[in-house]
């Protein structure tokens, strides 16, 4: 895997980092999509370039969630943000970027451009 291809893959809306998936799982509790996220973490990560530095914490995973699953995760994340919830690794930093990442994935599945004013639920 060359760096150009790797970077392009990692920037794709349907590719998520191990860290994002693990932290999202902390927020999902018994959400129906939680099992799908756990299953994604059990798959082989995106191949890294030969000279990539970083072990498992830097893994990226190609996701294959349905629009309904992604929308459900996004709504749960937005609720967590509104309530000021955090995860074991976000602490005072908060959930900045979480909702945006899931909205971007949702826009990708809807086939619409991700813009700052994109609101999947029409809000």
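The values are calculated or read from the model by the stated rules, or taken from the named source; none is laboratory data. Being a predicted model, the structure only gives us computed values, none of them experimental. FYI the Cβ positions are ideal-geometry reconstructions off the backbone, even for glycines, and counts take in every protein chain you see.
A few remarks follow.
- Counting the residues of region 52-64 that are in contact (Cβ under 8 Å) with a residue 24 or more places away in the chain and farther than 15 Å from residue 107 by Cβ gives 9.
- Residue match in region 34-56 (condition: touching a helix residue (DSSP H, G or I) at 6+ places or on another chain (Cβ under 9 Å), under 20 Å from residue 121 (Cα atoms) and at pLDDT below 95): no
- Within region 101-123, being surrounded by fewer than 16 Cβ atoms within 10 Å (Cβ to Cβ) and within 22 Å of residue 65 (Cβ to Cβ) holds for 110, 111, 112, 113, 114, 115, 118, 119, 121, 122, 123.
- Residue 97 passes every criterion in (1) surrounded by fewer than 16 Cβ atoms within 10 Å (Cβ to Cβ); (2) closer than 21 Å to residue 6 by Cβ; (3) in contact (Cβ under 8 Å) with a residue 40 or more places away in the chain apart from (3).
- Some residue of region 65-72 being within 26 Å of residue 121 (Cβ to Cβ), crowded, with 16+ Cβ neighbours inside 10 Å, in contact (Cβ under 8 Å) with a residue 60 or more places away in the chain and more than 12 Å from the chain's Cα centre (by Cα): no
- Number of positions in region 1-51 that are free of Cβ contacts under 8 Å to residues at least 60 places away in the same chain, assigned to a loop (DSSP other than H, G, I, E, B) and touching a strand residue (DSSP E or B) at 6+ places or on another chain (Cβ under 7 Å): 3
- Subset tally (residues that are surrounded by 10 or more Cβ atoms within 10 Å (Cβ to Cβ), touching a residue at least 12 places away in the same chain (Cβ under 8 Å) and assigned to a loop (DSSP other than H, G, I, E, B)) for region 73-89: 3
- Selection within region 90-113 - in a loop (DSSP other than H, G, I, E, B) and under 15 Å from the mean Cα position of the chain (by Cα): 90, 95, 96, 97
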